[in-house]
Amino acid sequence: MNRKIKDNPILKELIVPVTELAEARKEMRTAGSRLEALYKKVKEDLGNGRR
């Protein structure tokens, strides 16, 4: 996992404590939220071959 984070530092922003997971998942489903934007960026980067 450390290698993946080193290759794509945005991944670190998506790692949340278990106690905050429910709220983070809710935020990821909210259009325009910080976590939703980060998730889309990582998904796009991985889809374009960035690993």
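Can you give the percent of C-alpha pairs in the chain whose distance is more than 17 Å? The answer is 37 percent, as a whole percent.
Relative to the longest principal axis of the Cα atoms of the chain, helix 34-47 runs at roughly 30 degrees. For the set Leu14, Leu35, Leu46, solvent exposure ranked by accessible area (probe 1.4 Å, protein chains only) runs largest to smallest as Leu46, Leu14, Leu35.
The values are calculated or read from the model by the stated rules, or taken from the named source; none is laboratory data. Please read these numbers as outputs of a predicted model, since none were measured by experiment. These area figures cover heavy atoms from the full protein model, side chains too; ligands, DNA and RNA do not enter into them. Shrake-Rupley method; radii C 1.70, N 1.55, O 1.52, S 1.80 Å.
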